[in-house]
Amino acid sequence: MIKLISHLEELKSNIESAAFLVSRGASEKETHKALVRSLVLIEQIETEIKGLSKADDAESVVLPSRNININSEIKKVHRRAARWFNNPSQYNSTILLAYLRLAERHSEVTPAMVKAECSAVKDFEGNYNQMKNFGEKNHGKVFEEKGGVIRLWEPVKDYIMGLYSEYKKGSAI
């Protein structure tokens, strides 16, 4: 299931890239390459969906808005995020706070920018991935990445920003 969601996110990114290439008049070869990558991902997704044993699982992947995991993920973030702001030395706290500070100064924040701010975080990629992907054992999905730009995940954005506001005031959360 997690692999499927990852493939869907990658597919979306590839299609966005292909659309950008077309809009800026890129070479046919470049555009073709981006579209072929997307077609390969579609085949992988189809294979994985066919391999799902339950029809309910397939429905929840195809229609993420019905996926109970989204609600569980939101609840997970609500349970954990206050502790992150109270313990800024945790890796997930360090990553989130670095992103929020960068977002105050820049209109677009990239993973490379956050990584540069998080030199103390061992395995930045692994910890960051657990904060942008769905999963039973992830830290909690707070980010989404589109076209190489990080944004707060919409379902938890207001909650995170509220906590950050309290954090900046020096209030205990």
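The values are calculated or read from the model by the stated rules, or taken from the named source; none is laboratory data. Every value quoted in this text rests on a predicted model; they were computed, and no experiment measured them. Cβ placement follows ideal geometry from the backbone for every residue including glycine, while neighbour counts extend to all protein chains displayed.
Show me the helices (runs of 4 or more DSSP H) entirely contained within the range 1-92 in which 2 or more residues are under 30 Å from LYS115 (Cα atoms) and either modelled with pLDDT of 80 or more or out of contact with any strand residue (DSSP E or B) (no Cβ under 6 Å at 6 or more places or on another chain) (or both). Outline the logic, then answer.
Details: elements: 2-23, 28-51, 55-62, 68-86.
It comes to 2-23, 28-51, 68-86.
I'm trying to understand the selection: among the residues of the range 81-114, which are under 16 Å from TYR164 (Cα atoms), out of contact with any Leu (no Cβ under 7 Å at 6 or more places or on another chain) and exposed (fewer than 15 other Cβ atoms within 10 Å of the Cβ)? Can you show your working first?
Going through the range 81-114, the residues under 16 Å from TYR164 (Cα atoms) turn out to be 81-90, 92-105.
Checking which are out of contact with any Leu (no Cβ under 7 Å at 6 or more places or on another chain) leaves us with 83, 86-87, 89-90, 92-105.
Residues satisfying the conditions are ARG83, ASN86, ASN87, SER89, GLU104, ARG105.
Restricting to the range 115-159, count the residues that are in a loop (DSSP other than H, G, I, E, B) and surrounded by fewer than 15 Cβ atoms within 10 Å (Cβ to Cβ). Quick ask: steps written out before the conclusion?
Here is the first cut: in the range 115-159, the ones in a loop (DSSP other than H, G, I, E, B) are 118-123, 133-142, 147-148, 153.
So of that shortlist, the ones also surrounded by fewer than 15 Cβ atoms within 10 Å (Cβ to Cβ) come out as 119-120, 122-123, 136-137, 147-148.
Number satisfying all stated conditions: 8.
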